[in-house]
Structure formats: structure tokens, C-alpha cells
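What follows is one structure encoded as C-alpha cells, with my remarks underneath.
The values are calculated or read from the model by the stated rules, or taken from the named source; none is laboratory data. A quick note: this is a predicted structure, and the numbers were derived from the prediction, not measured. Note: ideal-geometry Cβ built from the backbone for every residue, glycine included; neighbour counts use all protein chains shown. Quick note on the areas: whole protein, heavy atoms, side chains included, nothing else; ligands and nucleic acids left out. Shrake-Rupley method; radii C 1.70, N 1.55, O 1.52, S 1.80 Å.
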Amino acid sequence: MALLSYTADSINEQLLYIEYHNNYYHQMMQSILSMILPFYVILLVMDHDQPYHKPLMSYFGSNKIIISKLILYILILTWVYLMTAILYHLLPSFLASYFLFNLDALPFLIEIYLDGFIIIILAMLFIKDRYKSLSVAIPLFYVLFSFVIEDYQQVAFYYLFPIYSKHFSAFTLAKYYKLCYICLGFAIAYQKMLKEEQ
């Protein structure tokens with residue numbers, strides 16, 4: 001973020017073309033964050049299935065351990081994305097004279113935050129301890145699917161996998177659909193993990 005906030009232009013040029021530099025920073029940061037954060041999220045949750053959970057589940061009960069695990073991942077993801085949002089606005093305000101605080105980036109940050117939950121759900125559904133190396137396929141699929149959904153703006157693609165898209169984010173019910181999708185995904189992941197431990 002610090003490297004992207006620097007430009008080759010002088011301070012006078014930055015202040016003269018303040019709108020251009022500001023828009024360029026936001027577009028670049030949004031593209032980079034939407035490609036980097038999915039890999040970071042998968043690094044956080046790829047170890048969710050560990051053998052040491054078995055004795056804990058037999059002692060405390062699988063229901064309590066699974067709910068605690070889900071709550072922990074939600075808290076960690078919230079903290080990571082909150083720090084990212086703060087740095088997104090804080091670093092360029094100190095390092096660049098052209099930067100203007102703009103709330104237009106807030107919908108994007110909320111959208112990729114919700115996308116992080118979708119990645120967690122996919123990891124909990126498909127990644128087991130034996131297949132941990134396959135977890136890299138989830139963020140790769142996310143990035144490639146984001147290219148597809150931007151080029152082919154079909155509603156069926158968004159229904160199947162509702163990740164961030166500038167086109168579909170403008171729809172009124174898109175965020176509500178994504179929230180319902182996430183809640184359903186967490187319910188399915190919870191039931192799947194519960195049946196696996198019984």
C-alpha cells in the first residue's frame with residue numbers, strides 16, 4: 001500500500017491533478033486487494049481441520065467446538081479486514097499529498113469482507129487435513145471467477161458464486177442475497193462438520 005501511494009510526480013503536480021491520482025490509487029488498491037486477500041484468508045483457515053480437535057470434541061462436545069471455531073474465524077477475519085481498511089485510508093493520508101478521504105471505497109471493502117466469509121465456507125466444506133495443499137485452489141478459483149464475472153455479466157454466475165463485481169454490486173438486493181448465501185453456507189458447513197465428528 002505504501003509503495004502504491006507514491007507517484008513519480010512532484011507535489012505540485014499531485015495537487016494539480018488530485019482527482020486523477022486519487023482515482024488511480026483507489027482503482028489500483030481495489031484490484032490488488034481483491035487478488036491478495038483471498039490468499040491471505042486461506043492461509044488463516046487452511047489448518048481448521050486438525051487431529052487435536054478430536055479429544056477436545058469428546059471432552060467439550062463437538063457442537064461447542066465447531067461453534068467456537070466458526071466464531072473465532074469470524075473474529076479473525078473481521079480484525080484482518082478492519083486493519084486492511086484502516087491502512088487503506090491511513091497510509092496514503094500520511095504519504096501522499098493528493099489523497100482525499102472518500103467513502104466510496106467503503107462498499108468495496110464491505111463486499112470483499114463478505115467474500116472472505118465465502119472463502120472460509122469453501123475451506124471448511126472442502127479442505128481436510130489430508131488435502132491441505134489443495135486449499136490454494138480456492139483463492140485461485142476466486143480470482144479467476146472474478147475475471148469471468150466481470151467479462152461475462154450473467155446473473156446466473158452471480159447466483160452460483162456471489163463474489164464482488166462492480167456490475168452486480170449496484171443491484172439493490174445483491175448484498176442481501178450474498179448475506180443469505182453466507183448464512184446458508186455456514187449452516188451447511190456446520191452440519192457437515194457435525195456429521196463428520198459423530
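Any residue in the range 126-138 that is farther than 10 Å from ILE42 by Cβ sitting within a Cβ distance under 7 Å of a residue that is modelled with pLDDT of 75 or more and β-branched (Val, Ile, Thr)? List the pairs, counting only those 6 or more apart or interchain.
Close Cβ pairs (under 7 Å, with a partner that is modelled with pLDDT of 75 or more and β-branched (Val, Ile, Thr)) amount to LEU134/ILE127.
A quick yes/no check of all residues on (1) β-branched (Val, Ile, Thr); (2) modelled with pLDDT of 75 or more; (3) surrounded by 12 or more Cβ atoms within 10 Å (Cβ to Cβ):
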| site | (1), (2), (3) |
| --- | --- |
| GLN30 | no, yes, yes |
| SER34 | no, yes, yes |
| LEU44 | no, yes, yes |
| TYR59 | no, no, no |
| ILE65 | yes, yes, yes |
| ALA96 | no, no, yes |
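Residues that are outside any helix (DSSP H, G or I), open to solvent by less than 20 Å² (accessible area, probe 1.4 Å), in contact (Cβ under 8 Å) with a residue 24 or more places away in the chain and in contact with a helix residue (DSSP H, G or I) (Cβ under 9 Å, 6 or more places away or on another chain): does the range 99-114 have at least one?
no
Please name all residue pairs, on different chains or six or more residues apart, with Cβ atoms under 7 Å, provided the first residue is in the range 161-173 and is under 20 Å from PHE117 (Cβ atoms) and the second residue is basic (Lys, Arg) and open to solvent by less than 30 Å² (accessible area, probe 1.4 Å).
Qualifying pairs under 7 Å: PRO162/LYS178.
Going by what's in this entry, would LEU125 be described as closer than 20 Å to MET193 by Cβ and more than 14 Å from the chain's Cα centre (by Cα)?
It is true that LEU125 is closer than 20 Å to MET193 by Cβ and more than 14 Å from the chain's Cα centre (by Cα).
From LEU72, LEU184, which residue is open to solvent by 50 Å² or more (accessible area, probe 1.4 Å) and under 20 Å from LEU43 (Cα atoms)?
LEU72
Could you say which residue among LEU179, LEU144, LEU194 is free of Cβ contacts under 8 Å to residues at least 24 places away in the same chain and of a type outside the set (D, E, K, R)?
Within the list LEU179, LEU144, LEU194, the selection yields LEU144.
Could you check, for the range 162-170, whether at least one of its residues is assigned to a helix (DSSP H, G or I) and under 22 Å from ILE188 (Cβ atoms)?
Checked against the condition, which is being assigned to a helix (DSSP H, G or I) and under 22 Å from ILE188 (Cβ atoms), the range 162-170 yields no hits at all.
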